[in-house]
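The values are calculated or read from the model by the stated rules, or taken from the named source; none is laboratory data. Every value quoted in this text rests on a predicted model; they were computed, and no experiment measured them. Heads up, the Cβs are rebuilt from the backbone with ideal geometry, glycines too, and the neighbour counts pull from every protein chain shown. Note: areas computed on protein heavy atoms with side chains; ligands, DNA, RNA excluded. Shrake-Rupley method; radii C 1.70, N 1.55, O 1.52, S 1.80 Å.
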Amino acid sequence: YNVHRLGKIYLAGQPSAADFAIAKKEGIKTVINLRTPVEMRFDEKGVLKGLGMEYHYLPFGPPNTLKDEIFEKSLQVLGDKKKQPVLLHGASANRVGAIWLVHRVLTDKVPYDKALREAKEVGLNSPPNEAKARLYIQKAQAKARTQKPVKK
């Protein structure tokens, strides 16, 4: 399976059960799975529990199922240094790219255009997923601006 890595975050399509064992040996502590139940071909949660790895299940399919809560939870996990290294995966990494775009802009403060290029390189190829990510980023940035203390 195709894997991209930046620091202690790995981005991929669907790993096999054997791939997870290799990931564990490589030091991966946490896995975030974005695939829906109908897409699953094996008990990923069971495999990871057996390996002693932390598992977060944040499934979404069509863009209308990509809710703010998925962005929020993924940002929490990806940004938690104690959970790293983290493997974030979907099926083809199209969904991974949308989550990556939000993480890079909001957590790592990377300019949107650069983050978008990275997301597309990782696998983002759905304009509706990109639009959902962009909207979430805009809302989060607007919220952050209104919460900053005003200097007197």
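Taking only protein heavy atoms and a 1.4 Å probe, the accessible area of the chain is 55% carbon and sulfur. Protein-only accessible surface at a 1.4 angstrom probe places the residues Y136, Y57 in the order Y57, Y136, largest first. In plain terms, the bigger the Kirkwood radius, the slower the diffusion; for segment 98-152, with that radius from Cα pairs, at 25 °C and 0.890 mPa s, Stokes-Einstein puts D at 209 µm²/s.
Estimated translational diffusion coefficient (Stokes-Einstein, Kirkwood radius over Cα pairs, 10 °C, 1.306 mPa s) of segment 8-64: 133 µm² per second.
The convex hull defined by the C-alpha atoms of segment 71-137 has an orientation-averaged projected area of 4.1 nm².
Summing Lys and Arg as +1 and Asp and Glu as -1 over all other residues whose Cβ lies under 14 Å from the Cβ of Y136 gives a net charge of +4.
Across segment 27-106, how many lysine pairs, 8 or more apart or on two chains, come within less than 21 Å at their alpha-carbon atoms? Within segment 27-106, the lysine pair count is 16. Computed from Cα atoms alone, the Kirkwood hydrodynamic radius reported for segment 29-107 is 12.9 Å.
Amide H contacts of L88 (H built 1.01 Å from N, in plane; Pro and chain starts excluded): Y10, L11, A12, I32 sit under 5 Å, all sequence-distant by 5 or more or on other chains.
With both labels modelled 7 Å from their Cα along Cα-to-Cβ, the Q147 to K8 distance reads 2.3 nm.
Measuring spread by the Cα atoms of segment 39-78 yields a radius of gyration and Dmax of 12.1, 33 Å. If you model segment 10-144 as an ellipsoid using its alpha carbon gyration tensor, with each semi-axis the square root of five times an eigenvalue, the axes come out at 25, 16, 13 Å, biggest first.
The calculated FRET efficiency for F42 paired with K81, based on their beta-carbon distance and R0 = 30 Å, is about 0.50.
Using a probe of 1.4 Å on the protein chains alone, the accessible area found for D68 is around 50 Å².
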